[in-house]
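Asker: Structure in structure tokens, see below.
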Amino acid sequence: VQRGVLLVLFATTLTVSLCEVTTRLMSPGLATRLMASAVEVLAIVAILCFAVLCFSTAHLLPRTAQTANPIPPAVVEALARGKPSELPSRNLEGDDGRTYCVRCMVWRPSGVKSHHCRVCNRCCVHFDHHCHILGRCIAGSGVRGNLLPFRLLLVSTAVGVLLCLVTVLVGAMRLLDVPEPGAA
């Protein structure tokens, strides 16, 4: 998560600072001010999405009495012998369509794409991937989970960087007295 915090803060600070310097010193004007304001809004969106990513747990399967029981007989036998190494190597199928994760020891819901993340050592519903930069599993469906904020973070970052580059380019053109395309 620390790398993610540093990356998001660095990218937002850099793009907003470059736009502000361009707008205030190189090319004061409505066009650059509008682009700089859009970059600032996108930076706020990126920071909010990152905060949601850090605190969202809706995609994680909790270990509760309902999700952990009943423990399959093969697991009970291996644990009773005191040999966890003899646990089944594959997830177990239940009669009701659910699967039992032998690593998390939870029943996964039927009809839902679930996956055990080997980095986080947790099961997630609607698992997409584990993001090593943000240190989080990215999973979810619709507004549930953190996949939507992850995608919004990527889009807001890409658009913000692009707008920042355009703002700096316009400022550099004005600073060098290069006429803008279409200017008479």
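The values are calculated or read from the model by the stated rules, or taken from the named source; none is laboratory data. Computed from a predicted model, the values in this text were never measured in an experiment. When we count neighbours, we look across all protein chains shown, and the Cβ atoms used for this are built from the backbone with ideal geometry, even at glycine. For accessibility, only protein heavy atoms count, side chains too; no ligands or nucleic acids. Shrake-Rupley method; radii C 1.70, N 1.55, O 1.52, S 1.80 Å.
Asker: Given Cys120, Val166, Gly140, which one lies farthest toward the positive end of the charge dipole of segment 69-184, if we put +1 on the Cβ of every Lys and Arg and -1 on the Cβ of every Asp and Glu?
Answerer: Cys120
Asker: Same structure again: May I ask you to derive the relative contact order of segment 100-145, considering only C-alpha pairs under 8 Å and at least 6 residues apart, and to give it as an integer percent?
Answerer: Details: 64 pairs, mean separation 11.2, N = 46.
Computed over segment 100-145, the figure is 24 percent.
Asker: Same structure, new question: Over the chain, what is the relative contact order in whole percent, taking alpha-carbon pairs under 8 Å and six or more residues apart? Walk me through the numbers on the way to the answer.
Answerer: Numbers: 263 pairs, mean separation 54.8, N = 184.
Once normalised by length, the contact order is 30 percent.
Asker: Here's something else I'd like to know. With angles folded into 0 to 90 degrees, how steeply does helix 147-175 sit against the dominant principal axis of the chain? Use alpha carbons for both and round to 10.
Answerer: Taking Cα atoms only, the helix is inclined about 20 degrees.
Asker: On full extension of the chain, what length is gained from Leu92 through Ile71, given 0.36 nm per residue of separation minus the C-alpha to C-alpha distance? Please list the in-between numbers first.
Answerer: Details: separation 21, 0.36 × 21 = 7.56 nm, distance 1.04 nm.
That works out to 6.5 nm of additional length.
Asker: Write down the radius of gyration of segment 89-184 and its Dmax, each obtained from C-alpha positions, in Å.
Answerer: Values for segment 89-184 (Cα only, Rg and Dmax): 23.1, 76 Å.
Asker: Hey, in the GNM for the chain with a 10 angstrom Cα cutoff, which one of Gly171, Gly160, Gly97 fluctuates hardest?
Answerer: In this elastic network of the chain, the residue with the biggest mean-square fluctuation among Gly171, Gly160, Gly97 is Gly97.
Asker: Count charges around Cys131 for me, please; just the other residues with Cβ under 15 Å from its Cβ, Lys/Arg as +1, Asp/Glu as -1. Mind dumping the intermediate values first?
Answerer: Values: positive: Arg3, Arg118, Arg122, Arg136, Arg151; negative: Asp128.
After counting each charged neighbour, the total is +4.
Asker: Please give the calculated 222 nm ellipticity per residue for the chain, where each DSSP H segment of at least 4 residues contributes -39500 (n - 2.57) and the sum is spread over every residue; nearest 500 deg cm²/dmol? Present the calculation step by step, with values, prior to reporting the outcome.
Answerer: Values: 5 runs with 87 residues, N = 184.
Calculated from helices alone, the mean residue ellipticity at 222 nm is -16000 deg cm²/dmol.
Asker: Protein chains only, probe 1.4 Å: how do Glu77, Glu20, Glu40 rank by accessible area, largest first?
Answerer: Numbers: Glu77 105, Glu20 30, Glu40 55 Å².
Final ranking, largest accessible area leading: Glu77, Glu40, Glu20.
Asker: Which net charge results when you count Lys and Arg as +1 and Asp and Glu as -1 among the other residues whose beta-carbon is under 15 Å from that of Leu163? The partial results should precede the final answer.
Answerer: Numbers: positive: Arg33; negative: Glu20, Glu40.
Here the charged neighbours net out to -1.
Asker: So how tilted is helix 2-21 from the main axis of the chain? Cα-based, degrees 0 to 90, rounded to 10.
Answerer: 10
Asker: Next question. Net charge within 15 Å of Ser110 by Cβ-Cβ distance, Lys/Arg positive one each and Asp/Glu negative one each, not counting Ser110 itself? Mind showing how you got there, number by number?
Answerer: Details: positive: Arg98, Arg108, Lys113; negative: Glu93, Asp95, Asp96.
Every neighbour counted, the sum reads 0.
Asker: Between Glu40 and Thr57, with labels modelled 7 Å along Cα→Cβ, what's the label distance in nm to one decimal, could you check?
Answerer: About 3.6 nm separates the two model spin labels.
Asker: Given the options Ser37, Ser27, Ser85, which has the most mean-square fluctuation in a GNM of the chain, springs set between C-alpha atoms less than 10 angstrom apart?
Answerer: Maximum fluctuation in the GNM of the chain, among the listed residues, is at Ser85.
Asker: Starting from the Kirkwood radius over alpha-carbon pairs of the chain, derive D by Stokes-Einstein at 4 °C in a medium of 1.567 mPa s and give it in µm² s⁻¹.
Answerer: Working: Rh = 19.7 Å.
The estimated diffusion coefficient comes to 66 µm²/s.
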